[in-house]
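Colleague: Provided herewith is a single structure, encoded as structure tokens, for subsequent inquiry.
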Amino acid sequence: MSKILVTGDQGFIGKHLVEELEERGHEVVGLDIVNNEDVRDATQVAQSMVGCDYCFHLAGMLGTHELVDNAVKGAEINILGTINVLDACVLNNTKLIEISKPNVWNNTYSITKEASEKFTEMYRVEHGLKATVAKWFNVYGSGQPLFEEIGYRKAVPTWIVDGLNGRDIEIYGNGNQTMDLIHTTDTVEATISLMDNFDKCEGETFEIGSEEIETNKVAEMIIEMTGGKSEITHVPMRPGEVADTKLKADLTKIKEYTSWTPRVSLEDGMKESVNWYNKKYVETNEK
């Protein structure tokens, strides 16, 4: 079994990843701003990395339009923080699974993630870093926090809670743009499969998604599952995004290099998510 550092281990996906790694018998070390640990602190990152065989680098400042006017802090955390992780990996001979995303938009988050990918490749070539990149598409599932908790808006939890409350579901643009929705369970299993097949996957970039679907259809599914009282409203595209974007992960490479394939259907995953938010909503209102 391996000793593994997970940066951003207290985040939505980080918690699921840590739980699965520990269930498989690995020793997991976490580094997260929630615990006053900061990837911008090079010394702290280096100390956390000591003795680790692998690092999953999830930590970052997320957001779409929320970061358009916060480019400096976004770059400090997402770029300089990643460089600290890269330096620590080289120093400790730790293998890296760098988490990125499909960088199709021109906003702070996409720009910084693309830069992080390029720095990762530079460290591979110039410093002998062993690394692979996982590009997560639209991850959803139970426990994904709302805007009030994290300061940026994720579509699925926002729409589910709005649907449960009978509020209109707000979509940016005409809703013809597509998402590639993948459940957290599949996301975690796919990401761990890159570690399990690291010698084969090293130096490669893998897209991780499950099912492409139009945004309007996602909202319609959620409305049906939450009681059918909501209506869809369309508002202008938010800054930093492009209308009519089509997001679809190419799973050819990850299926070829690993044995992973998505297992959770969109219908099953969405039902589980709706049930979780419904339970939380009822419990919240009973208190």
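Laboratory data are not the source of any read-out in this text; all were calculated from the coordinates shown. All of these numbers come straight from a predicted model, not from anything done at the bench. We place every Cβ from the backbone using ideal geometry, glycine too, and count neighbours over all the protein chains shown.
Colleague: Kindly identify region 227-271 as rounded, prolate or oblate by the Cα gyration tensor criterion: order the square roots of the eigenvalues as a ≥ b ≥ c, call it rounded if a/c is under 1.5, otherwise compare a/b with b/c, prolate if a/b is larger, else oblate. Intermediate results must be reported in sequence, preceding the final value.
Modeller: On the way: a/c = 4.90, a/b = 1.48, b/c = 3.31.
Since a/c reaches 1.5 but b/c is at least a/b, the shape of region 227-271 is classed as oblate.
Colleague: Here is a further query. Could you work out which residue, out of Tyr109, Tyr140, Tyr277, moves most in a Gaussian network model of the chain, that is, has the largest mean-square fluctuation with Cα springs under 10 Å?
Modeller: Looking only at Tyr109, Tyr140, Tyr277, the biggest GNM fluctuation is shown by Tyr277.
Colleague: Taking a ≥ b ≥ c as the square roots of the eigenvalues of the Cα gyration tensor of region 171-287, is the shape rounded (a/c under 1.5), prolate (a/b larger than b/c) or oblate? Don't jump to the answer; show the numbers that get you there.
Modeller: Values: a/c = 2.60, a/b = 1.48, b/c = 1.76.
The shape class here is oblate.
Colleague: Also, quick follow-up: For a quick check: sort Leu91, Leu181, Leu164 by the number of other beta carbons within 10 angstrom, fewest at the front. List each step's numbers first, then the result.
Modeller: Details: Leu91 13, Leu181 24, Leu164 20.
Least crowded to most crowded, the residues run Leu91, Leu164, Leu181.
Colleague: Once the Cα atoms of helix 184-196 and of the chain are each reduced to a long axis, what angle between those two axes, in degrees from 0 to 90 to the nearest 10, is obtained?
Modeller: The two axes meet at around 20 degrees.
Colleague: Here is a further query. Among His65, His57, rank each residue by its count of other Cβ atoms within 10 Å, from fewest to most, as a rough exposure measure. If you can, show how the numbers build up before the last one.
Modeller: Values: His65 18, His57 28.
Lowest count first: His65, His57.
Colleague: Follow-up. If you take the Cα Rg of region 202-261 and divide it by 2.2 N^0.38 Å, with N the number of residues, what do you get? Mind dumping the intermediate values first?
Modeller: Details: Rg = 16.5 Å, N = 60, 2.2 N^0.38 = 10.4 Å.
Normalised by 2.2 N^0.38 Å, the Cα Rg of region 202-261 equals 1.58.
Colleague: Dividing the convex hull volume of the alpha carbon atoms of region 3-286 by its residue count, what do you get in Å³ per residue?
Modeller: For region 3-286, the hull spanned by Cα atoms encloses 126 Å³ per residue.
Colleague: Further question on the same structure: Pick out, in residue order, every one of the GluC sites (Glu not before Pro) in region 202-239 that is DSSP loop and has at most 12 other C-beta atoms within 10 Å; say none if there are none.
Modeller: Answer by residue number: Glu231.
Colleague: P(r) of region 42-114 in 5 Å steps, Cα pairs, percent per bin?
Modeller: 3, 18, 27, 20, 14, 11, 6, 1
Colleague: Report, in whole Å, the centroid distance computed from the Cα atoms of region 29-55 and region 189-267.
Modeller: First find each Cα centre; the distance between them is then 29 Å.
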